[in-house]
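Okay, so here's the structure we're looking at.
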There are 2 protein chains.
Amino acid sequence: MSSSDYRDTVHVRYTRGGITGVGEGAPIVRYRENAAEAQRAIESVQQMLVSADPYQFAKVMAEVARRIEGQQAAKAAIDIALMDWFGQKVGVPLYTYFGLDAADAPITTFSIGIDNPDMTRQKVREAEPYPILKIKVGLDTDEATIEAVRSVTKKPLRVDANEGWKDKEEAVRKINWLESQGVEFVEQPMPAAMIEETRWVRSRVHIPILADESCLHPSDIPKMAGAFDGVNVKLDKTGGMLEAYRMIEIAKSLGMKTMLGCMISSSVSVTAAAHLSPLVDYADLDGNLLIANDPYSGVLVRNGKLILPNRPGLGLMPVAA
Amino acid sequence: MSSSDYRDTVHVRYTRGGITGVGEGAPIVRYRENAAEAQRAIESVQQMLVSADPYQFAKVMAEVARRIEGQQAAKAAIDIALMDWFGQKVGVPLYTYFGLDAADAPITTFSIGIDNPDMTRQKVREAEPYPILKIKVGLDTDEATIEAVRSVTKKPLRVDANEGWKDKEEAVRKINWLESQGVEFVEQPMPAAMIEETRWVRSRVHIPILADESCLHPSDIPKMAGAFDGVNVKLDKTGGMLEAYRMIEIAKSLGMKTMLGCMISSSVSVTAAAHLSPLVDYADLDGNLLIANDPYSGVLVRNGKLILPNRPGLGLMPVAA
């Protein structure tokens, strides 16, 4: 939630038959993950991966899930590397693997980190190329933040409350005020476990409520129905593209909205998510736009719209050092 | 349920760039489907399919679903043809498309149709190569049928009650007796809508209860949890491989058992299901073994085990006339 100069992600390079797939995962502090433990988790299955048949990527990932408890970022890095390898091997971009049309990729929000009103105004001005902004809320300063944003732009806003409101009446008050400020939806207004309180809130507001921290596993999604209007699926939360695909499809089959989100990471992780983005209603895939040392070029953003690379696998190109 | 000399299925041939994918769907009378209407449904989207990009198969199937109400067999035929085309185009068998290991394909049951005890004994003897049998029950003659089977074999049995028991106490009595006869699980003991009665039955029996007619759409699966132990997924019910994959994954993510079933059809439809079979606990994929005029050779059965063709796409080979 705060600005920082340094984010540690884990990387996997999977080489077989002259083809290298790359993967990345961003450990999520909220789930007590860190890069060192994620790295150890990856090393714990290295021998298994070396001897596995990468054509059996779904079976391999099921075995990885059996061997590694938690550590979703580590799993995501492995899954993405295998899918990149397979896409390159069969010669199609991963969006084509999933049978999708790259032209259906949505507009991504651009995140405005929490800051004082002056800095917020400056950040919003700098975000001029992005037609939809995502604002972090859930603090005492919410009104001041939104007013600062609104003093310089009329763009649609989406907000992430990050479990910030502990009281359901406060949540209703905040959400209804945010609606009056042109906010399209609210992500995770209340703490993850407060499903029933969120159901109560949802019945008293008009804009959609999306689950993030409340929804980690496919089996969580049916429990969300009725309390939330949709789910935010992140590869670092699900453990990769295959599971993210499953969660999106489950949510859609239950009539829920879907969103793809990401952590702060390089183009490896964000491009992986972007290949699934033609499936979803909303995208919040700006993690790679917030770093200075991206080793790859992959998904691009043009007037906010995600432009998927039309190259096999993830379609990444190394950035010249 | 009864023996018959003739089954009508619908077929799709999809040719693009020198590659032809084939698909098949078997209309299900229970859902008021028939081949003539399925054929009309296919023709209604023919122009759209001709102008569509088959690399966007998932998007195309979503559009097919929007344009065709019901007619799942028609949708299955189109979906299977597109997936066969794509698998051939990228040069991998469809089980590899799904990242699976062909060696994980399960043993299929072989179905013994309802008949008098003499004929039942003869059918069971003829089914000698198949290590697990599926028996249709749900009639007054259930005891006589099972006793006839048991008089000639000790093989594990699975039974399909096809909504046959209307009374929940009768269902409990029957199921507990069937368990004593070496039956592994019961499919659809009660009418599709009797979810609560089935939940009551389930709490009083020891062998798993699988849903067939109760479970048509992905959104049905969460409602089944607790009333059934698993679901029988059929391509002709789901409208193809993509949706069947989703249903299997949803059921698994909810901790339910999964089974792939089929209607009586050629190797086209049964092979499509077989490519997904490494994902499931149980297979009932013998529809092609019950016909005399199979135009293709695809999945084979050796000692009951499904042997998937190691060729691109469905991997079908025309049978010389």
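Here, each number is a calculation from the coordinates, and none is a lab measurement. Computed from a predicted model, the values in this text were never measured in an experiment. Cβ: placed from backbone, ideal geometry, glycine included. Neighbour counts: every protein chain shown.
To the nearest ten degrees, helix B:57-67 and the longest principal axis of the Cα atoms of chain B are 70 degrees apart. Over all directions, the projected convex hull of the C-alpha atoms in the protein assembly as shown averages 30.0 nm² in area. Considering helices alone, the calculated mean residue ellipticity of chain B at 222 nm is -11000 deg cm²/dmol, with DSSP H runs of length four and up weighted by -39500 (n - 2.57) and normalised per residue. Here the protein assembly as shown is assigned +1 on the Cβ of each Lys and Arg and -1 on the Cβ of each Asp and Glu. Its dipole about the Cα centre then comes out at about 760 debye.
Can you tell me how region A:14-125 classifies by the Cα gyration tensor, rounded, prolate or oblate, using a/c under 1.5 as the rounded cut? Oblate. Summarising the strand pairing of region B:97-318, around 20 percent of its internal DSSP beta bridges are antiparallel. For region A:97-318, the relative contact order works out to 20 percent when only alpha carbon pairs closer than 8 Å and six or more residues apart are counted.
Counting only residues at least eight positions apart within a chain, or on another chain, the lysines with an alpha carbon under 22 Å from that of B:Lys154 are B:Lys123, B:Lys134, B:Lys136, B:Lys174, B:Lys305. Which of the three applies to region A:60-134, rounded, prolate or oblate, going by the alpha-carbon gyration tensor with a ≥ b ≥ c and a/c under 1.5 meaning rounded? Oblate is the answer for region A:60-134, as a/c is 1.5 or above yet b/c matches or exceeds a/b.
Computed over neighbours whose Cβ is under 13 Å from that of B:Met317, the net charge equals -1, Lys and Arg +1, Asp and Glu -1.
Restricting region A:31-125 to trypsin sites (Lys or Arg not before Pro) that sit in a DSSP loop and have at most 13 other Cβ atoms within 10 Å of their own Cβ leaves A:Arg32. Using C-alpha pairs below 8 Å separated by at least 6 residues, the relative contact order for region A:113-195 is 30 percent. Note on A:Glu170/B:Lys223: beta-carbon distance plugged into 1/(1 + (r/R0)^6) with R0 of 45 Å gives a FRET efficiency of 0.85. Each 10 Å bin, from zero up to the one with the longest distance, holds this percent of the alpha carbon pairs of chain B: 6, 27, 35, 23, 8, 1. Can you give the angle from 0 to 90° between the axis of helix A:267-276 and the longest principal axis of chain A, with both taken from C-alpha atoms, to the nearest 10? The answer is roughly 80 degrees. Only beta bridges with both residues in the protein assembly as shown are counted; by DSSP, about 35 percent of them are antiparallel.
Among beta bridges from DSSP that stay inside region A:187-321, the antiparallel ones total about 30%. Could you tell me how many degrees, from 0 to 90 and to the nearest 10, lie between the Cα long axis of helix A:168-180 and the main elongation axis, the longest principal axis, of the Cα atoms of chain A? Approximately 90 degrees, to the nearest ten.
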